[in-house]
Structures are given as structure tokens and as C-alpha cells.
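Student: For reference, the structure I am asking about is given below.
The values are calculated or read from the model by the stated rules, or taken from the named source; none is laboratory data. Keep in mind the model is a prediction, meaning the values are calculated, not measured. A quick note on method: Cβ atoms are made from the backbone with ideal geometry, for glycine too, and the neighbour counts reach across all protein chains shown. Accessible surface areas use protein heavy atoms only, side chains included; no ligands, DNA or RNA. Shrake-Rupley method; radii C 1.70, N 1.55, O 1.52, S 1.80 Å.
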Amino acid sequence: MISKQLQRARDYEAERIPEIGNEERPVFHLTGGCGWINDPNGFSFFRGAYHLFYQYHPFSNVWGPMHWGHAKSTDLLHWERLPVAMAPDTSYDGEGCFSGSALEMPDGRQLLMYTGVHSESGDADDPGRYQTQCLAWGDGINYEKYEGNPVIFPETVPGGCVASDFRDPRLWREADGTYRCVVAAMTEKRTSRIVCFRSEDAFHWEYEGDIAESTKKLGGMWECPDYFALDGRQVLCVSPMAMMPEGREYHAGHNTLAIIGTRDPDGTFRQEAMQQIDNGIDFYAPQTLETPDGRRVMIGWMQAWSNSKFVPPGVKYFGQLSLPRELHVKNGRLMQEPVRELLACRSGQIIRKDETVKNGTVSFPGIEGRLIDMTVTVRDFSELKKLDIFVAADETYHTSVSFIPKRKMLRLDRNYSGYFYDIVHSRDMDVETDGGMLTLRLIMDRYSLEIFETGGGRCATMSLFTPLSAQGIFFRAEGTAHIDIEKYILQ
Ligand code: FRU
């Protein structure tokens, strides 16, 4: 049955979508039909297609009562919009259907597990609210909320945790056919625990134990946990709120953290290393899935909470999801690169080998555009003080990526990228220079730039609002840069 609230969201979307021109949207990055989106939800493979849901407030460009928007794809890059999947329309989720996950069940249905927010005052931010874990199931288009909701409720919140901040269930099936979910729980001391529940049938749950706990240094509340095996290791990804910066990392306030370790047969998670997942300005609340051919792929919200209230005037929708990335663990580090499906979208190869940029600015014929996949290799830094790569550039606009070899760093700057507000526009990040060479892959999809460091596996993400007329790409060196460029158009 489609509720009044869900029908209203679907009707509203159908009216608004035709008002947004194709060129106002990215090609490979999922956006909401209209209005606001945040976290990716229910990222999964179901009946021959990838499904991707997202936190959605169709009615305005600011966060509001959360719905689940929905899309599917066969290549993780071209998304077909589907009707809004869930609306806040019951007594247990009336203030919002918060983030969660999806799983194909043995009976062939898709099960969604999400957080229902309820408060007496009708305000999702009310500290007196409570958050419970709920289920809905469906056929890949329409979803029905389970009549036994909520399935994990305030009375089952583990001791020491609070029901007001208890959310974002990540559901999976174990090899023995039992189910687990991890949930982010805030403690009475305002730190966070990732708590694990067990079920025989995915409907009746009992608390099994904790996976991890934050200290204040690692943030107050850990949101959106994900937990998976990869390359012989176990990885816990969380999005900590209010985490302390360290060196060039964790400056975003709301950060992304990967903890790498091992999982003992008794379920204990032994932590060995941790790192920031994304080094750019806009990336949060990532989720992963396993593709049918066994790859672990991650996607995140391409925004930062701290900047998200400043929507440039005239913008018709707000928020995008990132490019999906293939993950690996290598030498104890999480390595990321764009999904290989992107290679099939490339054409118009231009290669420039052994170019020299010396104390000045140069451009190269055909090296331009806003829908591009461009790899720049910098060789021999001995005479190079700084190399700036300007993209989305014209007389008014530019976004820059600057390599400073002596400091082993990249500086990202989007001060002139269509924003109207003095929010965070720059970030420094470490890069691997030990081999005497740096290879960066820059992917632009009209309104974003994602940078992947080939050797070190780091990546950095940011969204842009630069008008599409700014198509230029320039290279500027202080000292001498020796570079190779390989550039493709994406389509
Ligand atoms: C993370 C988050 C989640 C919550 C959702 C609400 O960005 O705060 O913890 O479920 O967004 O929209």
C-alpha cells in the first residue's frame, strides 16, 4: 500500500524533475530527482542490477524529514531513477527514515533495514527522540514496511548506550545462514560504540556484543558503520562526528575512518591500523557492496555536513553521490581506485609525453573539458618547487590541485569554483613521493573533481558549482616540472 506521504513525494518529484535540464546534472554521479540528498543507503545487488537508495528530502534543498530515494544501474555509473522507496509515514518513523542497508533474502525479496526516528515533539533533532531499527521489503520498486516494526527497539539498546542516537544498521548474512547487523550507538558519555546484533531470520534480533568503541579523540558519535572482509583482513568503516584533526588528516569535523584488522572466529575484531578514507572536502557516510564478480565497491555522499547549509542561489537540487571506488587492502592500508566500468566510458584519447613546464603556465591542445578522465604523471622532482594543475578554469573560475614535492603534499583549492560563501574550500593531503614519481588520476563529471593517487591509493573528493562554460585546464610550474598527460573524454 502506498501511503499518502509516499504518494506526495512521488508526485512532487514527477513534477519537478522535468524542470532540471540534463546539463545541470552530472552524468555518472547519482543526484536526487529534486531537493536534498545525503547518505547513500541500501547499496546492493538485487535481481541483476545494482540498487542505490539515498537519504532524501525532495521538497527543498535543505535536510528535512528523511525519505529513501532510489535508483538502479547495471554498470554502477548510469543510474535509472526509480520511484521514492520509503517516506516517514508511521508512528515509529514519522520524523524520518534514516540510513540503513539492503539484502536479498532467500525468498527472493529485497529486505531494507533502516532507522526509524520517533519523537513526541515531532522533531527529528529532539534530544528526547528515540531511534529504532526497522524493516521493509519489496520487489526492487515498491516496499512495504514490516508489520512487526521496530525490530530493534529502545528496550534492546545495549546498556550504557542511549536510544536517542542509535542508528544506521548495516545488515549481512553469514556463511552459516544467520544474520548480523552492526548499529552505531552513542554512549551516555557521548562516545560511540559499534554494537552487533544476531538473528536467525533477520526479523528477531538479539544483542551479541560490541565490535569497536571510540574514544573522544576519534569522535563523539560514529555514524554509518560498514563492516566487511577484504583481502584476508576485516575492515570497519565509520563516519565520526567531531573527531580531532591529526597532521593533515581528519579536518572535516565529520570525517571518514577505516579501521583495518582481523576478525577472530569468536567475532572479536582486532584493530591494527586506521586511516582517513577520503582526503578531500566532500565525502561522508560511505557504504560498500560486493559485486557479483567479487569486488568490494564503495560509494559516499559527496558533501560535508559543515558546508551543506550553504547552497548557491539558483541551484535546483542539492547533493550528489561519489564515483564508486574499488577497494583493496595492501600493506595494511585501504587502497581506492575508480570502478573499472569507467574505462568503457572513455574516448578521444590524447597523450602528451615528456612535456616540460618551466616557471610559467602552459595549456595543451585538446586538454580541456568538464567530463574527463585525466592522468598526470610528474617525474623527477629535483628542480620542481610546485606544480599547479588548474581545472574548470576560465578568467573567473578555477579549481586547483597543487603538488609541493618538498612537503610531500597536495593542496586542493576550490575558492573560485562557483561557491558564494566563505566555507571550507581548501585541504592539504599527503602523497607518496618515495618512488620519485607521482601519478594522479583526475576525474571530472561536470560538478565534481575526484583525485586518485595511483601509487598510494589515497583519494580526494570535492563538489563544484562552477558554470559549465569554464572548461580550461592549465599547468603552472615554479621550477621545472616533467610531466606526462593521458586524457580522455567521458560519455
Ligand atoms: C549521516 C546521518 C546518519 C543518519 C542520516 C540522517 O550523515 O546523520 O547518521 O541516519 O544522516 O539523514
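Student: Which of rounded, prolate or oblate describes the stretch 339-401 when judged by the alpha-carbon gyration tensor and an a/c cut-off of 1.5? Numbers along the way, then the final one.
Tutor: Details: a/c = 1.97, a/b = 1.36, b/c = 1.45.
Because a/c hits 1.5 or more and a/b fails to exceed b/c, the stretch 339-401 counts as oblate.
Student: Over 21 Å apart: what share of the alpha carbon pairs of the stretch 102-224 falls there, rounded to a whole percent? The partial results should precede the final answer.
Tutor: Values: 2914 of 7503 pairs.
Of all Cα-Cα distances in the stretch 102-224, 39 percent exceed 21 Å.
Student: When the scattering of the stretch 334-461 is computed by the Debye formula from its Cα atoms alone, each counted once and equally, what is log10 I(q)/I(0) at q = 0.10, 0.12 Å⁻¹?
Tutor: Each listed q maps to, in turn, -0.32, -0.47.
Student: What is the dipole size for the chain, taken about its Cα centre, with +1 at each Lys and Arg Cβ and -1 at each Asp and Glu Cβ, in debye to the nearest 20?
Tutor: Working: 52 positive and 69 negative charges, 238 e Å.
The dipole of the chain has a size of about 1140 debye.
Student: Another question, if that's okay. With a probe of 1.4 Å, find how much accessible area the stretch 156-273 has per residue, and write the answer as a whole number in Å².
Tutor: Accessible area per residue, the stretch 156-273: 40 Å².
Student: Another question, then. Enter the Cα centre distance for the pair the stretch 323-342 and the stretch 355-400, rounded to the nearest angstrom.
Tutor: Result: 25 Å between the Cα centres.
Student: Give me the angle, in degrees from 0 to 90, between the Cα long axis of helix 4-16 and the longest principal axis of the Cα atoms of the chain, rounded to the nearest 10.
Tutor: 20 degrees
Student: Moving on. Relative contact order of the stretch 247-336, please, whole-number percent, based on alpha carbon pairs below 8 angstrom and at least 6 residues apart. Mind dumping the intermediate values first?
Tutor: Values: 139 pairs, mean separation 22.8, N = 90.
Once normalised by length, the contact order is 25 percent.
Student: While we're here: Using a basic spin-label model with each label point 7 Å from the Cα along Cα→Cβ, how many nm lie between Asp123 and Lys386?
Tutor: 4.6 nm
Student: Taking 0.36 nm per intervening residue step and subtracting the Cα-Cα distance, what contour gain separates Asp484 from Asn22 on full extension? Don't jump to the answer; show the numbers that get you there.
Tutor: Numbers: separation 462, 0.36 × 462 = 166.32 nm, distance 3.31 nm.
In short, 163.0 nm is gained.
Student: Still on this structure, please answer the following. Arg233: accessible area at probe 1.4 Å, nearest 10 Å²?
Tutor: 70 Å²
Student: Can you find, among Ser347, Gly436, Gly232, the residue sitting farthest towards the positive end of the charge dipole of the chain, where Lys and Arg contribute +1 and Asp and Glu -1 at Cβ?
Tutor: Among Ser347, Gly436, Gly232, the one farthest towards the positive end of the dipole of the chain is Gly436.
Student: Still on this structure, I have one more. Under unit Cβ charges (Lys, Arg +1; Asp, Glu -1), what dipole magnitude, rounded to 20 debye, does the stretch 390-446 have relative to its Cα centre?
Tutor: 140 debye
Student: Further, regarding this structure: Let me check against my output: what whole-number percent is the relative contact order of the stretch 376-491, with C-alpha pairs under 8 Å and at least 6 apart?
Tutor: Numbers: 243 pairs, mean separation 41.7, N = 116.
It rounds to 36 percent for the stretch 376-491.
Student: Quick one: in the chain, what % of C-alpha pairs are over 44 Å apart? Intermediate values should be presented prior to the final figure.
Tutor: Numbers: 15042 of 120295 pairs.
Across the chain, Cα pairs with separations above 44 Å total 13 percent.
Student: Which is farthest toward the positive dipole end of the chain among Tyr114, His67, Val315, measuring Cα position about the Cα centre, with Cβ charges +1 (Lys, Arg) and -1 (Asp, Glu)?
Tutor: Working it through, the farthest residue towards the positive pole turns out to be Val315.
Student: Oh, and also: Around Gly332, under 12 Å between beta carbons, what's the net of Lys plus Arg minus Asp minus Glu among the other residues?
Tutor: On the way: positive: Arg233, Lys330, Arg333; negative: Asp231, Glu272.
That sum, taken over residues with Cβ under 12 Å, equals +1.
Student: Calculate the length of the line joining the C-alpha centroid of the stretch 417-433 to that of the stretch 152-180, in whole Å.
Tutor: 36 Å
Student: A follow-up question, please. Among 155-168, 415-428, what's the highest-first ranking by average C-beta atoms within 10 angstrom per residue? Before the final figure, lay out each step's value.
Tutor: Values: 155-168: 18.4, 415-428: 15.5.
Ranking the peptides 155-168, 415-428 by packing returns 155-168, 415-428.
Student: Using a 1.4 Å probe over the heavy atoms of the protein chains, calculate the carbon and sulfur portion of the accessible area of the chain as a whole percent. List each step's numbers first, then the result.
Tutor: Working: 9450 of 18930 Å².
Summing carbon and sulfur atoms, their accessible area is 50 percent of the total for the chain.
Student: Follow-up question, since we're still on this one. With a 1.4 Å probe and every protein chain left in place, work out the accessible area per residue of the stretch 331-436 in Å², rounded to a whole number.
Tutor: Values: 5300 Å² over 106 residues.
Heavy-atom SASA per residue in the stretch 331-436 reads 50 Å².
Student: What percentage of all Cα-Cα pairs in the stretch 181-296 are separated by more than 18 Å? Let's see the in-between values first.
Tutor: Numbers: 3548 of 6670 pairs.
Beyond 18 Å sits 53 percent of the P(r) for the stretch 181-296.
Student: Please get the size of the charge dipole for the stretch 76-125, origin at its Cα centre, with Cβ charges of +1 on Lys and Arg and -1 on Asp and Glu, quoted in debye to the nearest 20.
Tutor: Values: 2 positive and 9 negative charges, 59 e Å.
It works out to roughly 280 debye.
Student: Continuing with the same structure: Explain nothing, just the number: relative contact order of the chain, from Cα pairs under 8 Å at least 6 residues apart, as a whole percent. Numbers along the way, then the final one.
Tutor: On the way: 1345 pairs, mean separation 59.2, N = 491.
About 12 percent, as a whole number.
Student: OK, next. Between His204 and Asn415, what length comes free when the chain is fully extended (0.36 nm per residue of separation minus the Cα-Cα distance, one decimal in nm)? Walk me through the numbers before you get to the answer.
Tutor: Working: separation 211, 0.36 × 211 = 75.96 nm, distance 5.07 nm.
That works out to 70.9 nm of additional length.
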